[in-house]
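The block underneath contains the structure these notes are about, expressed in structure tokens.
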Amino acid sequence: MAEYPRTLSVLIFTSDEVSQKNGVTLDTLLRDAHGRIPKIKYEPSYADMKKRDTLAAIAADILKKAGAKKIIRPNLPPGLFIHIESTMRMGYVTDPDCEALQVKRLFIADNSVHYNSLGGPNPTLTTQALAVRTAEKLVQKYFN
């Protein structure tokens, strides 16, 4: 890095289309102390890749206009910086209080209930607020 005394990293975020091809299954062979190991299948669609390319081009243009002489796009693998969201979306898998529609008393209070295309920012605060709200709804419904 000695030859790069001034650097700036730009990370772009975009949502992916919902796809039946993507998902999590249990490996038929590999196991750990808790049982079968999850196996993730993820293939971005053409539209997903196009969105990323468009955003990367916009980011590169901004850097050029700011005076960058050299721009390197490393093309890190999808999922390297990730907060998996929308796998059990509210309104589809859960009710508005985050209780599973098919399994009563199962409350889901993590990133998976976020609606698709939540955006690019880190969802931690949203998830924490939703978890607190879900806990309050659970107590209200089953313990009051």
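The values are calculated or read from the model by the stated rules, or taken from the named source; none is laboratory data. This structure is a prediction, so every number in the text was calculated from the model and none was measured. A quick note on method: Cβ atoms are made from the backbone with ideal geometry, for glycine too, and the neighbour counts reach across all protein chains shown.
Is it the case that some residue within region 73-82 is modelled with pLDDT of 80 or more, out of contact with any Phe, Trp or Tyr (no Cβ under 8 Å at 6 or more places or on another chain), over 30 Å from residue 142 (Cα atoms) and surrounded by 10 or more Cβ atoms within 10 Å (Cβ to Cβ)? Full working, then the answer.
Keep residues of region 73-82 that are modelled with pLDDT of 80 or more, which gives 73-74.
Applying the additional criterion that residues be out of contact with any Phe, Trp or Tyr (no Cβ under 8 Å at 6 or more places or on another chain) yields 73-74.
Next, from what is left, pick out any that are over 30 Å from residue 142 (Cα atoms): 73-74.
Now restrict to residues that are surrounded by 10 or more Cβ atoms within 10 Å (Cβ to Cβ): 73.
Yes: region 73-82 contains one or more residues that are modelled with pLDDT of 80 or more, out of contact with any Phe, Trp or Tyr (no Cβ under 8 Å at 6 or more places or on another chain), over 30 Å from residue 142 (Cα atoms) and surrounded by 10 or more Cβ atoms within 10 Å (Cβ to Cβ).
One line per residue, one yes/no per condition, for (1) touching a residue at least 40 places away in the same chain (Cβ under 8 Å); (2) hydroxyl-bearing (Ser, Thr, Tyr); (3) outside any loop (DSSP other than H, G, I, E, B):
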{"residue": "5", "(1), (2), (3)": "no, no, no"}
{"residue": "12", "(1), (2), (3)": "yes, no, no"}
{"residue": "43", "(1), (2), (3)": "no, no, no"}
{"residue": "56", "(1), (2), (3)": "yes, no, yes"}
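Could you please tell me which pairs satisfy a Cβ distance under 7 Å, a separation of 6+ or placement on different chains, a first residue in region 122-144 that is in contact (Cβ under 8 Å) with a residue 12 or more places away in the chain and assigned by TED's automatic domain parsing to the domain that holds residue 95, and a second residue that is part of a helix (DSSP H, G or I) and hydrophobic (A, V, I, L, M, F, W, C)?
The qualifying pairs are 130/113.
For region 20-39, state whether one or more residues are at negative phi, among the acidic types (Asp, Glu) and surrounded by 13 or more Cβ atoms within 10 Å (Cβ to Cβ).
No.
Is at least one residue of region 74-93 aliphatic (A, V, I, L, M), without any contact (Cβ under 8 Å) to a residue 40 or more places away in the chain, over 26 Å from residue 124 (Cα atoms) and out of contact with any Cys (no Cβ under 8 Å at 6 or more places or on another chain)?
So in region 74-93, the residues aliphatic (A, V, I, L, M) come out as 76, 80, 82, 84, 88, 90, 93.
Imposing the further condition that a residue be without any contact (Cβ under 8 Å) to a residue 40 or more places away in the chain reduces the set to 76, 80, 82, 84, 88, 90, 93.
Then drop every residue that is not over 26 Å from residue 124 (Cα atoms), which leaves none.
No, there is no match, as no residue in region 74-93 is aliphatic (A, V, I, L, M), without any contact (Cβ under 8 Å) to a residue 40 or more places away in the chain, over 26 Å from residue 124 (Cα atoms) and out of contact with any Cys (no Cβ under 8 Å at 6 or more places or on another chain).
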